[in-house]
Amino acid sequence: MAVTPRALTALDVMRDAPVIPVIVLDDVAQAVPLARALVAGGIRMLEVTLRTPAALACIQAIAREVPEAVVGAGTVRSAADAQAARDAGARFAVSPGFTVAVGRACRDLGLPLLPGVATGSEIMQAQEEGYTQLKFFPAMQAGGVAMLKAWSGPFGDVRFCPTGGVSAANAGEFLALPNVACVGGSWLTPAAAVAAGDWGRITALAREAASLARPG
Ligand code: 3PG
């Protein structure tokens, strides 16, 4: 009997590495070498944000040409975004906030979603829709480590991916929290390094991020 591979889950996405890179690409020619550079450093869950005209083509290129990577779409704000991302080959989605429409669209598409939350009410709405692995965004601006500690009581069953203002300097403080499964951030892919094609620098940043201590 054929064995069906288990579907990717949001928890798989969060647990693969300590950091999910938040990627902004203007040029599709940069997508494949950038993805390969991150994979070479040990980071393979890649969030390409739907913020540029090139984003969907970048997702498509990575999905086709870098099988070692698992490419997802970030900045998913509507059901249409989710559909376009999935059609381009995205294997997971990340949203900056939570709406029932986006949550249901991703579920219908079979796309694991990390929805963004910044308040207790948003966490409760996401949980009502079955989401318990959440992005905390914007993490630093919305209360940082102290906020996550406060949430660990009433929302002890939720695991977070803090994103927004997280860097190599403070990632360790977040990763030390029991309710944090990983962090997200753009620091692995500095715009200047991407523009210059400095893939060695990006591999070095990825390697450093991949070696951060994981939550117990
Ligand atoms: C974003 O969506 O832009 C991410 O939160 C990245 O934030 P950062 O640039 O502060 O890492």
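Quick one: is Val100 over 18 Å from Val48 (Cα atoms), more than 16 Å from the ligand (Cβ to nearest atom), open to solvent by less than 30 Å² (accessible area, probe 1.4 Å) and not small (Gly, Ala, Ser)?
no
Looking for whichever is within 21 Å of Ala209 (Cβ to Cβ), acidic (Asp, Glu) and within 16 Å of the ligand (Cβ to nearest atom) here; the options are Glu47, Glu68. Which one fits?
Going through Glu47, Glu68 in turn, the sole match is Glu47.
Return the residue satisfying two criteria in turn: it lies in region 175-194 and is within 12 Å of the ligand (Cβ to nearest atom) and part of a loop (DSSP other than H, G, I, E, B), and of such residues it is farthest from Val22 (Cα to Cα).
Pro190
In this structure, is Gly197 at positive phi, within 15 Å of the ligand (Cβ to nearest atom) and open to solvent by 20 Å² or more (accessible area, probe 1.4 Å)?
no
Pick from region 137-148 the residues that are hydrophobic (A, V, I, L, M, F, W, C) and either open to solvent by 10 Å² or more (accessible area, probe 1.4 Å) or farther than 23 Å from Gly74 by Cα (or both): which of them is farthest from the ligand (Cβ to nearest atom)?
Ala146
What's the total number of residues in region 149-174 that are within 15 Å of the ligand (Cβ to nearest atom) and buried (at least 17 other Cβ atoms within 10 Å of the Cβ)?
So the answer is 9.
Table: residues versus (1) touching a helix residue (DSSP H, G or I) at 6+ places or on another chain (Cβ under 7 Å); (2) not in a loop (DSSP other than H, G, I, E, B).
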position	(1), (2)
Ala90	yes, no
Ala101	yes, yes
Ser121	no, yes
Gln141	no, no
Ala146	no, yes
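Among the residues of region 17-34, is any in contact with an Asp or Glu (Cβ under 8 Å, 6 or more places away or on another chain), in a helix (DSSP H, G or I), away from the ligand (no atom under 15 Å from the Cβ) and farther than 24 Å from Phe136 by Cβ?
yes
The values are calculated or read from the model by the stated rules, or taken from the named source; none is laboratory data. In this text the structure is predicted, and so the values were computed from the model without any measurement. All Cβ positions, even for glycine, are placed from backbone atoms using ideal geometry, and neighbour counts span all protein chains on display. For accessibility, only protein heavy atoms count, side chains too; no ligands or nucleic acids. Shrake-Rupley method; radii C 1.70, N 1.55, O 1.52, S 1.80 Å.
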